[in-house]
Each structure stands twice: as structure tokens, then as C-alpha cells.
1. Which number in (1) charged (D, E, K, R); (2) over 18 Å from the mean Cα position of the chain (by Cα); (3) in a helix (DSSP H, G or I) marks the one condition that B:E190 misses?
2. Please state which one of B:D81, B:D38, B:D77 is touching a strand residue (DSSP E or B) at 6+ places or on another chain (Cβ under 6 Å) and surrounded by fewer than 24 Cβ atoms within 10 Å (Cβ to Cβ).
3. Would you mention how many residues in segment A:30-74 are small (G, A, S) and modelled with pLDDT of 85 or more?
4. Among the residues of segment A:158-186, which ones are away from chain B (no Cβ under 14 Å), farther than 14 Å from A:H128 by Cβ and surrounded by 24 or more Cβ atoms within 10 Å (Cβ to Cβ)?
5. Out of the residues in segment B:125-151 meeting the condition of being closer than 18 Å to A:Q136 by Cα and touching a Gly at 6+ places or on another chain (Cβ under 6 Å), tell me which one is surrounded by the fewest Cβ atoms within 10 Å (Cβ to Cβ).
6. Within segment A:40-70, work out how many residues are of a type in the set (A, V, I, L, M, F, W, C), surrounded by 15 or more Cβ atoms within 10 Å (Cβ to Cβ) and touching a strand residue (DSSP E or B) at 6+ places or on another chain (Cβ under 7 Å).
7. Just a yes or no: is a residue in segment B:99-119 of a type in the set (G, A, S) and in contact with a Phe, Trp or Tyr (Cβ under 6 Å, 6 or more places away or on another chain)?
8. Would you point out the residue of segment B:44-60, among those that are in contact with a Leu (Cβ under 7 Å, 6 or more places away or on another chain) and assigned to a helix (DSSP H, G or I), that is farthest from B:I215 (Cα to Cα)?
Amino acid sequence: MADAAQPRLNLVTLPLKLRGTSLPATLLQPMTAQVPVLIKALEKRLQEGSALLGKAPLVIELGHLQEAFDLAGFQSECERLNIRLLAVRSSDPQQQTLAKQLGLMALNTQERPANAANQEELARTQVHEGTVRSGQQIIQDKGDLVILGGVNPGAEVLASGQIHIYGPLRGRALAGIHGDRQARIFTLQLAAELVAIAGSYQTNFNGDSQAGEGAVTIWLEKERLLYRQLTPAG
Amino acid sequence: MAKIIVITSGKGGVGKTTTCASLGTGLALRGYKTVMIDFDVGLRNLDLMLGCERRVVYDLINVIQGEASLHQALIRDKRADDLFLLPASQTRDKDALTLEGVEQVLQALTLDFDYILCDSPAGIERGAQLAMYFADEAILVTNPEISSVRDTDRVIGLLQAKTQAAKNGGKVAEHLLLTRYNTQRVVEGEMLSLEDVQDILAVPLVGVIPESESILKASNQGVPVIHETTAAASIAYQDAVSRLLGEECPLKFVEPEKQGFFSRMFGGRK
């Protein structure tokens, strides 16, 4: 019998795996270069039980400070308070060198570029004028979709956000197509072939006969699609 | 400039060709020079409806391929002097139709005629799309049943996307024509009502043609039903022609008939 401690075959060909990841850290942005003031504020936060300071490593950002900052002094105070100062973020080469000398990591200020407000990454609302006919498909990949008309049988409307239908929903409506479980569907009349929110779908979703008459909203709760009338029937 | 009207439906057998023959005749009888083009290449029927099947020599494909002139291919109707037919080919298939060819034929016809009616084949394929491509207006022939309504809905979507008007940012004017309407069966819940159909399609109504045996009879005799002036279907088609010309007239044959003693006793539909 083979010894359990000595595997007959070395099936492990990879001794380790490397993966890019991003782990939580707290970013401290000092509004003043006076270390005692900062430490006092930090002590106060610690007393209040700030979970961020207690558990996650700290990165201090120095790029925007005009005055000289006593990094060594700050580091020793952090040690005293049991805060794990991990890195300095600054574009100033002097501060970067100093940080390395103190055994800290020196990070550049370059963040992942933030999306400007006018870039299309921002969620938008698409408004479709008129009835969506059988065979037509209206997709709003990022944002909400408003249909000024009905969605007929055989038509399909999809949005990553909410779907508002100012007419009867007789076709298919899929909201939250990228997984937004908060997305909702609103329609003036519910007689749908299929409704889906964040992948949870239900076919032949007509509600009961009473709900079929008025405007309803549909939402997702515990993997179930629920609906409620918005206006009294009749 | 002629007005180009496509008669289409998506679904087959709903009455496109019957409608085309009667509307074309109706327009011609009112003095408008009208030509009907049968786009149903391979399954031509419009010549039968007009009773001129034995007079077909050249057809649309011959004209497109330059084998015959328009003048040679056009057939004048024997009952209405202002009505002409450009028949489809029975031996070729729809691939023989080209967009450029259709455009040239329509351009030539538009000089001489007031109305060009394009009788579309069923379906949403090439033949149907070519028939609708250059249209100014569309008559959507629909039966009061769910499958027909859905197919018409699909065709409206195509009209709004795949026509020259749509590509130039315009719109093909849509008219709904409900055929085979039987008020009795609507009351009994066997058929969709006019309201049900309009609720889904939301297209202005140009006419409601009652279900009638006179239509079948007329088709088999090769006489468009509109000629049988006292028949309900004929009156309904005449009204549809009026509405197409912009006149207002009240809808007929949409309320269930009150059956009199004699019709109850001796029965039978007109």
C-alpha cells in the first residue's frame, strides 16, 4: 500500500497561483500636515469604534498637501495606535523615496481614470416613441427604458435598469438584465408573455383578472416576482 | 405622381388579393387611373380575381429583365377602363425580383397613373419587402384572429424599418382593413372584436369587410366583389375606397344584425 504522505503521482504541477485582485484598504486624506492634530482625530475615531481603521490597512494620500509632512512621526504614532500603515500615495518623488526608506509602499496617485459625467458609461434613459411591434426588440444596455406605447405580443423590451411601459405589456419585458435585483417593471396593463427581473422570470404573467385591468409594478423579492396595482381597477 | 399603396398582411389567406382587386376596381370606377402589380411571383392570383388569366402574355419579371415593355405587359381590365394589371410570373420565383428593377417599373408607372397598388405576397421575406419598399401608404389586411393580428403587427414593424420612407426618416401611412368580420361570431366570442384588434394594432381603420359568401363566389367567377353593388362586402369595399380618398363615412356591418322573422325561419347568409 502506498504511503499516504508520499503520493505515487505528483499531480500538482503548479505550486502556486497568481491572481490580480483588489483588497480593501482605508485611504486617509489628511486635510492638515500637523501630525498631532491628525493623531488626535484618529484616536477619536478609534474610540468611536471605527471598523475601517481597526481592521483594514491604511494608505495615506499626501499628493494634495502643500506643507511638508512628518511621515516618520506619523508612522510611529500609527504603530502606537495599532493602525497598520501600509503605503503612501503621492506623486512627489521625495515623498516616495522617504516612504520606501521607512519600509512603506510608495503608490502613484494615478487611479483608474474616473468616468467623466458626459461619458456614455453613465446610465441613461432611452425613450421609445410608439408601440413596440411583434418581432421588434428594444434594448437599453445601460439604464432605464421608457416605452410611450404598448409592447405587443411577440415584442421584447430589455433594460439593465427599470422598464416603464405607458401602454399594455403583452409581450416580453426583461428588466435588470445585468443583474440589478432592484430593477422594476411598470406598465399600465399587465398581460405579458414573459416578465423577468435580474434573470428571474415568469411566463404568462397576467396577475389575476383584477390586476390585469390597471397599472401595476413588478419587482423581485426572494427570487419571486411580485406585483402590485398602482391604481384601483376600473 | 402616383400614390403607391402596398396591400400586405404577413399572414396568407386573409384576403390581400381580393382586397386589391376590389380597391383597385373601386378607385378606377371613380375615375382614377389605377394599376395593380402582383408581387406574388410564382403564386400569381390577381389575374384570376379579375378574370383575365387568359390574357396574360408578359409579366413583371419580363419587364424587369427587359424582355418586354411595360406597355406589352399591362393588361387593361375589361370592366373598368381605368384599371390595369401588371401580372406576376407564375414560372419564376421571387429571387428574380430586384430592388432596382422594381424601382424602375414603379418610376415608369408613376408618370401615367394616379394609384399604384402593390399586391404583396404573404410572409415577410424578400417578395413582401420589395412590395412594400417604395410604398407611400399601406393597407394592412387582417382577419379578426390572434395569429393574423400578430403577423400584421410584425409587418407594421417592417413598414417602420425597412421601407424607403422609413430610411428617409418618413413614415408609410398605415390603414387597417379588417376582413372576414362576422359580428355574430364576435358576439359568441369566437372572433376578436374590432375593438380588440384596434387595441393591439393601434392603426387607423380604413374598412371592415363582413364575412360573406358573395366574396367566394366573386373570386371564383373572376369578378371583383365590388362590382356586385348590393352585396354587403361590396358596400364595405366602396366605403373603404371613400376613406382611402379621404372621405368620412360611418362604419357599417360592425353591429350584430337583428334577425327578422323570415331570416330566422329561412336562414342563410347573403
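The values are calculated or read from the model by the stated rules, or taken from the named source; none is laboratory data. Just so it is clear, the structure is predicted and the values come from calculations on it, not from any experiment. Reconstructed Cβ throughout: ideal geometry from the backbone, glycine too, with neighbour counts over all protein chains shown.
1. (3)
2. Numbers: B:D81 fails: touching a strand residue (DSSP E or B) at 6+ places or on another chain (Cβ under 6 Å); B:D38 fails: surrounded by fewer than 24 Cβ atoms within 10 Å (Cβ to Cβ).
Exactly one residue qualifies, and that residue is B:D77.
3. So the count comes out to 3.
4. A:A175, A:G176, A:I185
5. B:R150
6. Count: 6.
7. No - not one qualifying residue is present in segment B:99-119.
8. B:L60
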